[in-house]
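Read the structure below first, then the notes.
Derivation of every value follows stated rules applied to the coordinates shown; laboratory data play no part. Quick caveat: nothing in here was measured; it's all calculated off a predicted structure. No Cβ is skipped: glycine too gets one built from the backbone with ideal geometry, and neighbour counts run over all protein chains shown.
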Amino acid sequence: MANESEMPEAGAMAERTTALARAIRADALRMVHRANASHIGSSLSMSDLLAVLYGGILRVDPARPDWAERDRFILSKGHGAASAYAVLAETGFFPVEWLETYCQDGSKLAGHLTRGVPGVELSSGSLGHGLPVGCGLALAAKADGAAYRVFVLLSDGELDEGSNWEAILFAPQHRLDNLVAIVDYNKIQSFGRVEEVLNLEPLADKWRAFGWEVREIDGHDHARIAEALSGAPYEAGKPTAIIAHTVKGKGVSFMEDLLAWHYKSPNDEQLTQALAEVAAANSAGREETA
Amino acid sequence: MRNTFVSTLCELAERDDRIWLLCGDLGYSVLEKFAARFPDRYVNVGVAEQNMTGVAAGLAMAGKVVFTYSIANFPIMRCLEQVRNDICYHRLNVKIVAVGCGLPYGTHGYTHHGVEDVAVMRALPNMTVVAPGDPIEARLATHTLAEREGPGYLRLGKGGEATVHADEPVFQIGRAIPVREGGDVTLIAAGAILAETIRAAELLAERGISAGVISMPSIAPLDVTTVLEAAARTRWIVTVEEHSVTGGLGSAVAEVLAEAPATGARLLRCGVTAGPYSVGGQAYLRGLNQLDAAGIAQRVASVVDMAGARAGRR
């Protein structure tokens, strides 16, 4: 998976990431169904982001998960673990069969992302932890003259946590242009719509005011995701924030944009329908029209 | 102790370029020495302890040995979940240094009284908890924690603590330091209250009570063997700490004694009991909690005398 730092050939990459996103969604659906687990909506909203990251952006090597020069990917929204484990398995960090153990007794794969699984950098699950740790990694890379980049994927709801804003102040102060924060902005948090609980808007302006270079994109458009992530850093000394507008439950019609699928697990019938919809989706994550 | 800590850290950083120091916008007149000598490995993170602790975790994940520094509760309680999840859970090489623990910031009020920190820190997995008793122990503890893999907590007084040890003692994690022999009572102290504890033993001697003193800088892991030997040797074990009697050294020793085969030894816990609403200097607050030498001696003498009187009646 070690990729060239320049933009990979667009067509081949799109094909690869589209297939990868389909596999991630299907795996995550099967995992939460088998385990009767929650958070499928959160896993689906970030599946395209993960597919592009692991399918063409991150300089990582599944054969050497501890390779010193690897890019660091931190999933701060640890409740999206199902799709994060799925992308690691699908890209060869560990056998795909392990996914069947998700949330089972004695498994390595906990319901929130847990270190000890090849490719997982940080155990997460409590919100607001990833970006400060990402700042530390980026600061170390600067101090060591290392070339790796640090990517932190956050949820929108977790931006309620003050610790993130401490880190958002810190990164520009220390000119951490090797740091990329990605917000999976699916507009629904644990117990309500973001705008009704604690409105984040104007979100891009907030990051800009704190000194970040910001790109707002459709978080399901693989070409736009790849372009936005490849371009960072946009300005020397400035960290990058990618605000990815997404849909919670993306790719499964009856899950999309519904709070309930933060908690519910599909039954057998729902799983069959969901898998069929995912299999039929095109590169933009939309269902193909017949 | 804080100056000893910083001097020691400078020596260590000279030899080991993995050592970093982060502070949460505190350390005026203390940390400048390190900042001037190692500007590339010093960060004032700002008044942002959660981020400080997360940044420390990230640096440690990249191979650094990171010390975080602030006053009393700030580097542990404000950011307790970062300490628990990011540092302890990941067994990272981050050493948290809290200065002014206990009651040295007494006049500042309860927000600045570090009197529950040991209870909190010793409950965390993989965390080594060390409370040095004097500047010599502080120097040795800093060395030991820097060299020891994994999370550490260094509980320091504020400054101006007297040197207790005449010679450099053997300092090891999980090992107590014997200070004074005594046949009736064993006083076990952790942290800067050690000097008062030794004076209490001298006062007790004047009253005909022979009190031994043990310094127990390593609270987690505790030197269980030394506690049990003392319990076999003397009728009373007395713990002394500038910390709540709940959850600290006294509780750790109580846990050992409660589960040990019957030794016949009784336990007295001396610690902070007066509650959060008292204002005053360290000496005043120590007196209020009977944590000055006279207060400790008085409490010890009263239980020993009472036990003696009861035994006499039988």
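Can you give me the orientation-averaged projected area of the convex hull built on the Cα atoms of region B:177-313, in nm²?
Working: hull surface 32.8 nm².
The orientation-averaged projected area of the Cα hull of region B:177-313 comes to 8.2 nm².
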*Could you state the number of Å between the C-alpha centres of region B:1-59 and region B:81-128?*
17 Å
*How large is the helix-only mean residue ellipticity at 222 nm for the protein assembly as shown, computed as the sum of -39500 (n - 2.57) over DSSP H runs with n ≥ 4, divided by its residue count, in deg cm²/dmol to the nearest 500?*
-11000 deg cm²/dmol
_What do you get for the angle between helix B:49-61 and the principal long axis of chain B? Use alpha-carbon atoms, 0 to 90 degrees, nearest ten._
70 degrees
*With N residues in the protein assembly as shown, what two-decimal value do you get for its Cα radius of gyration over 2.2 N^0.38 Å?*
1.12
*Where in region B:253-310 are there trypsin sites (Lys or Arg not before Pro) that are in a DSSP coil and have at most 11 other Cβ atoms within 10 angstrom of their Cβ?*
none
_Can you give the FRET efficiency to the nearest 0.05 for B:Ala294 and B:Arg18, using r as the Cβ-Cβ distance and R₀ = 45 Å?_
0.45
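Between A:Glu100 and B:Val224, how high is the FRET efficiency from 1/(1 + (r/R0)^6) when r is the Cβ-Cβ distance and R₀ = 45 Å? Nearest 0.05.
Given R0 = 45 Å and the Cβ-Cβ separation, E is 0.55.
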*Cα centroid distance between region A:131-201 and region A:33-77, in Å?*
16 Å
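Let me know the mean shielding of A:137-145 by other chains, meaning the per-residue number of their Cβ atoms within 10 Å of its Cβ. Write down the numbers at each step before the final one.
On the way: counts 7, 4, 8, 10, 2, 1, 7, 3, 0.
For this peptide, the per-residue mean of nearby foreign Cβ atoms is 5.
What shape does region A:149-252 take by its C-alpha gyration tensor, where a ≥ b ≥ c are the square roots of the eigenvalues and a/c under 1.5 counts as rounded, a/b above b/c as prolate, and the rest as oblate?
Values: a/c = 2.21, a/b = 1.25, b/c = 1.76.
Verdict is oblate for region A:149-252.
For the pairs A:Lys77/B:Lys33; A:Lys142/A:Lys187; B:Lys33/B:Lys64; A:Lys108/A:Lys264; A:Lys248/B:Lys95; A:Lys108/A:Lys206, note any where the Cα-Cα span goes beyond 30 Å.
Working: A:Lys77/B:Lys33 39 Å; A:Lys142/A:Lys187 34 Å; B:Lys33/B:Lys64 20 Å; A:Lys108/A:Lys264 23 Å; A:Lys248/B:Lys95 40 Å; A:Lys108/A:Lys206 38 Å.
Check vs 30 Å cut-off fails for A:Lys77/B:Lys33; A:Lys142/A:Lys187; A:Lys248/B:Lys95; A:Lys108/A:Lys206.
From the Cα gyration tensor of region B:238-314, with a ≥ b ≥ c the square roots of its eigenvalues, which class applies: rounded if a/c is under 1.5, or else prolate if a/b is larger than b/c, or else oblate?
Numbers: a/c = 3.22, a/b = 1.43, b/c = 2.25.
Judged from the Cα gyration tensor, region B:238-314 comes out oblate (a/c at least 1.5, b/c at or above a/b).
Share of antiparallel DSSP beta bridges in chain B, in percent to the nearest 5? Mind showing how you got there, number by number?
Numbers: 6 of 44 bridges.
So the antiparallel bridges amount to about 15 percent of the total.
Taking R0 as 30 Å, what's the FRET efficiency between B:Thr163 and A:Arg115 from their Cβ-Cβ distance, rounded to 0.05? Working shown, then result.
Numbers: r = 43 Å, r/R0 = 1.43.
Computed FRET efficiency for B:Thr163 and A:Arg115: 0.10.
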*Would you order A:Lys248, B:Lys158, B:Lys95 from fewest to most other beta-carbon atoms within 10 Å of each residue's own beta-carbon?*
B:Lys158, A:Lys248, B:Lys95
*Restricting things to alpha carbons, tell me how big region A:219-270 is in terms of Rg and Dmax, in Å.*
16.2, 51
*asked:* What Kirkwood Rh does chain A have if only Cα atoms enter the pairwise 1/r average? Answer in Å.
replied: 18.7 Å
*Compare B:Glu161, B:Glu32, B:Glu242 in a GNM of chain B, Cα atoms joined below 10 Å, and give the one with the largest fluctuation.*
B:Glu32
*For A:Ser76, A:Ser123, A:Ser38, what's the fewest-to-most ordering of other Cβ within 10 Å of each Cβ?*
A:Ser38, A:Ser123, A:Ser76
*What angle, in degrees between 0 and 90 and rounded to the nearest 10, separates the Cα long axis of helix B:2-15 from the longest principal axis of the Cα atoms of chain B?*
50 degrees
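Taking the beta-carbon count within 10 Å as an exposure proxy, list B:Ser215, B:Ser302, A:Ser107 from fewest neighbours to most.
On the way: B:Ser215 27, B:Ser302 11, A:Ser107 16.
The most exposed by this proxy come first: B:Ser302, A:Ser107, B:Ser215.
Which shape class, rounded, prolate or oblate, goes with region B:42-177 when its Cα gyration tensor gives a ≥ b ≥ c as root eigenvalues, a/c under 1.5 marks rounded, and past that a/b bigger than b/c marks prolate? All intermediate terms of the calculation are to be shown ahead of the outcome.
On the way: a/c = 1.77, a/b = 1.19, b/c = 1.49.
Oblate, since a/c reaches 1.5 and b/c is not below a/b.
Test of understanding: given chain B, find the longest segment containing no chymotrypsin sites (Phe, Trp or Tyr not before Pro) that are in a DSSP loop and have at most 15 other Cβ atoms within 10 Å.
B:29-276
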*Taking the Cβ of A:Asn267 as the centre, find all other residues whose Cβ is under 15 Å away and add up their charges (Lys, Arg: +1; Asp, Glu: -1).*
+1
*Not counting the cut sites, what is the longest span of chain A without GluC sites (Glu not before Pro) that DSSP labels loop and that have at most 13 other Cβ atoms within 10 Å?*
A:70-234
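Relative contact order for chain B: what is it in percent, counting Cα pairs under 8 Å that are at least 6 residues apart?
Numbers: 685 pairs, mean separation 49.5, N = 314.
Here the relative contact order equals 16 percent.
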*Compute the distance in nm between two label points, each set 7 Å from the Cα along the Cα-to-Cβ direction, one at B:Leu26 and one at A:Arg34.*
4.9 nm
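Given contacts defined as C-alpha pairs under 8 Å and at least six residues apart, what's the relative contact order of region A:10-285, whole-number percent? Show your work: numbers first, answer last.
On the way: 583 pairs, mean separation 65.0, N = 276.
About 24 percent, as a whole number.
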